[in-house]
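A short reminder: the numbers here are calculations on the coordinates, not readings from a lab. Since this is a predicted model, take the numbers as computed values, not measurements. Here the Cβ is made from the backbone with ideal geometry for all residues, glycine too, and neighbour counts use every protein chain on show.
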């Protein structure tokens, strides 16, 4: 089985955010640090070189594949901020309508800018996702 590439690192979250080249994106990342901390109650940890993650859980699929992942996280990428909400969006239709401008994939939101995004709704979505993952996860790390 292949090694998991995205794992917690010892890289400083503060240094990572400070190195984000775009000033607006850097400021948005600082806002998200507060939103995710409030939603998860966890301290941020770098997962791989570009994901700011909060908490962790262990998963194991029926196929036997297993690994660890952050409960929630984000990455301040050039084109858009990627917000990782592990539980997905099946139950979040009403919240998505209130969130503001976004695109989405299976477990990821893409936010071009935080302008117009309701951060209270985003926090609620993160809380909902974390609660769902905690209910379903095999084991949870105490981070």
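Observations, loosely collected:
- Across the stretch 1-67, the convex hull enclosing all Cα atoms gives 104 Å³ per residue.
- With R₀ set to 22 Å, the beta-carbon distance separating residue 78 from residue 119 gives a calculated FRET efficiency near 0.55.
- Take the Cα of residue 30, step 7 Å toward its Cβ, do the same at residue 43, and the gap between the two points is 2.1 nm.
- With contributions of -39500 (n - 2.57) from each DSSP H run of at least four residues, the per-residue ellipticity at 222 nm computed over the chain stands at -10500 deg cm²/dmol.
- When you work out D = kT/(6 pi eta Rh) for the chain at 37 °C and 0.692 mPa s, using the Kirkwood radius from C-alpha pairs as Rh and the Stokes-Einstein form, the result is 213 µm²/s.
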